[in-house]
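The values are calculated or read from the model by the stated rules, or taken from the named source; none is laboratory data. The model shown is predicted, which means the values in this text are computed figures rather than measured ones. Here the Cβ positions follow ideal geometry from the backbone for every residue, glycine too, while neighbour counts run over all protein chains shown. Only protein heavy atoms, including side chains, enter the accessible area calculation; ligands, DNA and RNA are left aside. Shrake-Rupley method; radii C 1.70, N 1.55, O 1.52, S 1.80 Å.
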Amino acid sequence: MRSRHKSLAWAGNQFINRSLQGWSYKKDRGFSKPTRIIFCVTLRCNIRCEQCAIWRMPKAEELGTDEWKRVITELREWIGPYRVQLAGGETFMRKDILEIVRHASDNDVLTGIVSNGTIIDQKIAKEIVDSGLGYIHISVDGMRPETHDELRGIKGLYARTMEGIEHMIHASEGSGLAISIATVINRKNVKELKELLAFTEKKGLNGIVFNPIGPTTDSEVDWYKKSDLWFNDYTEIDNALNELIELKKSGAKILNPVEHFIDMKSYFRKPYLDSNRNCMVGVTNLSITCEGNVHTCYKMPALGNVREKNIKDMWDSDHSRELRKKIKQCDIHCSPGNFVYRRSLFAEIRRFLHFG
């Protein structure tokens, strides 16, 4: 079984770069290296979520196995030990995804995966654990089968997702792999959030992360007015978020910082207003799309493409500097799930202890 690299070297790297991010933000430069790295490895998906448009998007020419391996190695040589989240689409639609994870593990890179869990059988679960994967977030949007299935677009999906979770629980015993639930808060599941937390704790999972329903890539500016997932009663969502805040403070296995829930309360009232915090995405994030485009913010132009340019050179180019200036003056409407601000150092340490 490969190591999961919950190393002090990674923690030191995070501390140094986080310390430099404030200066990078002020000067619009890449003095610090990115600390939040995301690979969108595919746009392919086997389900049809109501709150997502990725499955409707035209499919791109994805980076191949060797290209992703080269990207992982290139980042390792520049950044040192780092953590990367692999997402989609449905990540396991790529038959080579665990080969990519194994390459990362062999190069002292900690990986996480976001998945809907429906493709994970007993065999795949064992292969996931053996690959050295550090953590997996499995999407569950309701504790009632009908809620989850309606939101995810396929009848019977809840049972398949639960089977995937069970396979992961049994395969990961004693391995150190962290398993968590990811939930999108919306009007149809708001009464089930505490049940989802209770399920997380009952199963002995590492935690649950809540994200608010937000605009999709093809949404209009007033998308929320036309969505039946949006809230008509602010009291209902306020009460739910207040409960989650209190549960978080009491030690519940909720991965969100309290500040995230506070921002959600404002967001659900006025989704067209920006947060009053400084968005750090320009200096914290490095996101690479399935076709190789490099972004800090997905809503801004790409820095370049990994098939054509070195990532380090892109990070502090004149083009990147101009994009960072635009991000500081940005008036694009983001949900708190997309808006990036820094956690406290204490929160980072706690997260490291869970996930490496």
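Observations on the structure shown:
- Accessible area per residue (1.4 Å probe, heavy atoms of protein chains only) ranks Phe199, Phe231 as Phe199, Phe231, with the largest value leading.
- Put simply, the amide H of Ala182, placed in the peptide plane, has neighbours under 5 Å in Ile138, Ser139, Val140, Val209, leaving out anything fewer than 5 places away on its chain.
- Cα pair count fraction exceeding 17 Å, expressed as % - the range 63-118: 32
- Measuring with a 1.4 angstrom probe and ignoring ligands and nucleic acids, Ser320 comes out at about 0 Å² accessible.
- Spacing of the modelled spin labels on Glu173 and Asp106, each 7 Å from Cα toward Cβ, amounts to 3.0 nm.
- For the chain, with +1 on Lys and Arg beta carbons and -1 on Asp and Glu, the positive-most of Asn310, Phe31, Gly88 along the dipole: Phe31
- Alpha carbon convex hull of the range 241-312, volume per residue in cubic angstrom: 136
- Modelled label positions at Trp23 and Asp222, each set 7 Å beyond Cα in the direction of Cβ, lie 4.8 nm from each other.
- Between Arg70 and Arg144, the C-beta separation translates, for a Förster distance of 41 Å, into a calculated FRET efficiency of about 0.40.
- Taking 0.36 nm per residue of separation and subtracting the Cα-Cα distance, full extension of the segment from Ala11 to Glu195 would add 62.9 nm.
- In a DSSP loop and with at most 14 other Cβ atoms within 10 Å, the GluC sites (Glu not before Pro) in the range 234-319 are Glu308.
- What the Cβ-Cβ distance of Met57 and Glu246 gives, at R0 = 45 Å and to the nearest 0.05, is a FRET efficiency of 0.70.
- The range 4-76: GluC sites (Glu not before Pro) in DSSP coil with no more than 11 other Cβ atoms inside 10 Å: Glu61
- Under the convention that each Lys and Arg Cβ holds +1 and each Asp and Glu Cβ holds -1, the size of the dipole of the chain around its Cα centre is about 880 debye.
- Cut-off under 5 Å, modelled amide H: who pairs with Ile254 long-range: Ile208
- Computed over all pairs of different Cα atoms, the Kirkwood value for the hydrodynamic radius of the chain is 20.8 Å.
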